[in-house]
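Student: Sending over a structure as C-alpha cells; questions will come in a sec.
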Amino acid sequence: MPAKISAIKKIEIRQLKVGMYIHDLSCGWMSHPFIRNRFLISSEAEIGKIIEAGFQEVYIDTGKGQDVTDAPTQEEVRAVIEREMTAIVSHQPAKIARATLAEELGRAKPVKEKARQLVGSLMQDVRLGKAIEIACVEPVVQNITDSIFRNSGALLGLLQIRNRDDYTFLHSVSVCALLVAFCKASGVDSEISHQVGIGGLLHDIGKARVGDEILNKPGKLTDEEFDVMKKHPEDGYEILSAIPGIGAIPLDIALHHHERFNGSGYPEKLPAEEISTFAQMAAIVDVYDAITADRSYHKGMPAAEALRRIHEWSKFHFNPQQVNAFMHCVGIYPVGTLVLLESGRLGVVIENNEGNLLTPKINVFFSTKSSTYIKPQEVDLSGPIGTRGIDRILSHENPAKWGVNPLRFSVLA
C-alpha cells in the first residue's frame, strides 16, 4: 500500500468530523478552550467546543487524520490571498511625506520613549487608585500624531523594535500610532484623529486591574484566568469614564476593541452593524500589533504575514473594507519586511513608495543562490529600470527561514 500523502487543507467548520487532525485553528490571535493548537478530533463534543469558540474555518493535516478531497490546500489558499492583496494595493493614490524617513527618525525616537513612559505611569496610577489626568495624555498623543503626519514610516518602524518586557506598554503606543496613521490614510479630520489616538493609547488601561500573574503568564491562560482577562474592556471603560472631559470615542474604543464582525467578540457580542467604525479600526490594529510582537509565550510573526492572516480572517472577524483600507495605510510590505527578489537576493524594506506600495525602497544584503551575505545595496524598485535592473519582489520571507536579522540592515537599526 502506498504511503499516505500529507497535505494541509482549509475546510469549513461544517466539514469537520471526528478523526480529522487540526493543524491550525485559523485564528492565531483568539483564545480558545484547547491546551494545544494541533490535535486529533476524538469526539463530537470537541467539535462543539470549536464551534462555540467562534471558529468558522480550520486547517487540517490529511497525513495525520481524515481528508476532505475537494478542500483547497494551504498553498492554494495562500496564492489566492496574495493575488487579492496585490490587487487591493495596486492602485494607491499619491501622497507626499512632509519629511524623509531619515529626518523623522531622530524626532520619532523620543516620541516613542515618552509615550512608553506615560503608559507605564498611567497603569501604575490606576493600580494605586489615582485618577488619570487627560492633560497628561493629550500632548503625548499630539506628538505621536505630528510624527505620523510628517512621515508615518519612522515611528511605526521604530515601534517594531521592542523587547518582551516592554510589550504591555509599547502595545498601547503602537495601537495609538497605527490608529492615527489609519485615520490619516482614511481622510479622518485632525480633531477626530486626535480622539481616536487617545482611545488607542488608553484602550488597554483596564489591564491595570489584571494581576501580573495573569497579565505576564508565560503560557496559555486557564478558562478562569481568561474570564478575568476578558473583563479589561469593561474595566477600562469604567476607569476612563471617571476622567473629566474624556470623549465618547476613547470610551467606545476601550469598551469595544475586542468585538468581532460576526458577533463572536466580547464583552457585548455586538453584531457588525452595532460596532462603530473606530472600534472596527481598533480591532484590526490591536490584533495586527499583538501578533507581530514577541511575547513571553510566542514569537511574533513578520508584519507582511500578519497582514495576510488578517485579510484571511476578515471573512468573518473584521470589516473587509476596513482591512483593505488598513493595507493601503501600512502597505503589504511594511518597513522592516524581509523580501525575496526575482534576482534571488534578499532585502529589507526601508521605505514605502507612497504612490505604489508594490515597489518600495529596499536594502539588499543576502544572496539565496550562494547562501552568503553580499555588500548591502539600496535599491528603489519604483525608480527607472536603469537604476534597479529588472528586479521585482517575489514574496515576503520569514527571517527565521534564512537565519538573518533584516533590521540590522534597515535604517531603524
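The values are calculated or read from the model by the stated rules, or taken from the named source; none is laboratory data. It should be emphasised that the depicted structure is a prediction, and the values quoted were computed from it without experimental measurement. When we count neighbours, we look across all protein chains shown, and the Cβ atoms used for this are built from the backbone with ideal geometry, even at glycine.
Student: Out of (1) modelled with pLDDT of 95 or more; (2) within 26 Å of the chain's Cα centre (by Cα); (3) among the polar types (S, T, N, Q), the odd one out for Gln74 is which?
Tutor: (1) is the only condition that Gln74 fails.
Student: Oh, and also: Select from the stretch 44-60 the residues that are in contact with an Asp or Glu (Cβ under 9 Å, 6 or more places away or on another chain) and surrounded by 19 or more Cβ atoms within 10 Å (Cβ to Cβ) and list them in ascending order.
Tutor: Glu57, Val58, Tyr59, Ile60
Student: Quick one: count up the residues across the stretch 268-282 that are in a helix (DSSP H, G or I) and without any contact (Cβ under 8 Å) to a residue 60 or more places away in the chain.
Tutor: 6
Student: Inside the stretch 37-67, can you point out the residues that are farther than 27 Å from Phe318 by Cα and assigned to a strand (DSSP E or B)?
Tutor: Leu40
Student: Among (1) surrounded by fewer than 19 Cβ atoms within 10 Å (Cβ to Cβ); (2) aliphatic (A, V, I, L, M); (3) in a helix (DSSP H, G or I), which single condition is Val285 missing?
Tutor: (1)
Student: Modelled with pLDDT of 90 or more and among the polar types (S, T, N, Q): does that describe Gln66?
Tutor: For Gln66, the condition - modelled with pLDDT of 90 or more and among the polar types (S, T, N, Q) - is met.
Student: Follow-up. If you scan the stretch 265-318, which residues turn out to be more than 21 Å from Ile249 (Cβ to Cβ) and of a type in the set (Asp, Glu)?
Tutor: Within the stretch 265-318, Asp294, Glu305, Glu312 qualify.
Student: Let me ask you something else. I'd like to verify a number: residues in the stretch 14-36 that are touching an Asp or Glu at 6+ places or on another chain (Cβ under 7 Å), in a loop (DSSP other than H, G, I, E, B) and either basic (Lys, Arg) or modelled with pLDDT under 95 (or both), how many?
Tutor: So the count comes out to 2.
Student: I've got another one for you. In the stretch 194-267, which helices (runs of 4 or more DSSP H) lie fully inside it and hold 2 or more residues that are surrounded by 15 or more Cβ atoms within 10 Å (Cβ to Cβ) and free of Cβ contacts under 8 Å to residues at least 40 places away in the same chain?
Tutor: 223-229, 232-241, 248-256
Student: Just to confirm my filter: which helices (runs of 4 or more DSSP H) fall fully inside the stretch 87-179 and include at least 1 residues that are more than 26 Å from Asp235 (Cα to Cα), within 23 Å of the chain's Cα centre (by Cα) and modelled with pLDDT of 95 or more?
Tutor: Helices (runs of 4 or more DSSP H) meeting the threshold: 101-127, 134-150.
Student: Quick test for you: out of Val89, Val137, Val111, Val68, pick the one residue that is assigned by TED's automatic domain parsing to the domain that holds Gly236, surrounded by 14 or more Cβ atoms within 10 Å (Cβ to Cβ) and more than 16 Å from Leu178 (Cα to Cα).
Tutor: Among Val89, Val137, Val111, Val68, only Val137 is assigned by TED's automatic domain parsing to the domain that holds Gly236, surrounded by 14 or more Cβ atoms within 10 Å (Cβ to Cβ) and more than 16 Å from Leu178 (Cα to Cα).
Student: Same structure, new question: Checking the structure you have, find out if any residue of the stretch 95-106 is in contact with a Ser or Thr (Cβ under 7 Å, 6 or more places away or on another chain) and buried (at least 19 other Cβ atoms within 10 Å of the Cβ).
Tutor: Scanning the stretch 95-106, I find at least one residue that is in contact with a Ser or Thr (Cβ under 7 Å, 6 or more places away or on another chain) and buried (at least 19 other Cβ atoms within 10 Å of the Cβ), so the answer is yes.
Student: Please verify whether Ile332 is within 26 Å of Arg309 (Cα to Cα), of a type in the set (A, V, I, L, M, F, W, C) and in contact (Cβ under 8 Å) with a residue 12 or more places away in the chain, treating the condition exactly as stated.
Tutor: It is true that Ile332 is within 26 Å of Arg309 (Cα to Cα), of a type in the set (A, V, I, L, M, F, W, C) and in contact (Cβ under 8 Å) with a residue 12 or more places away in the chain.
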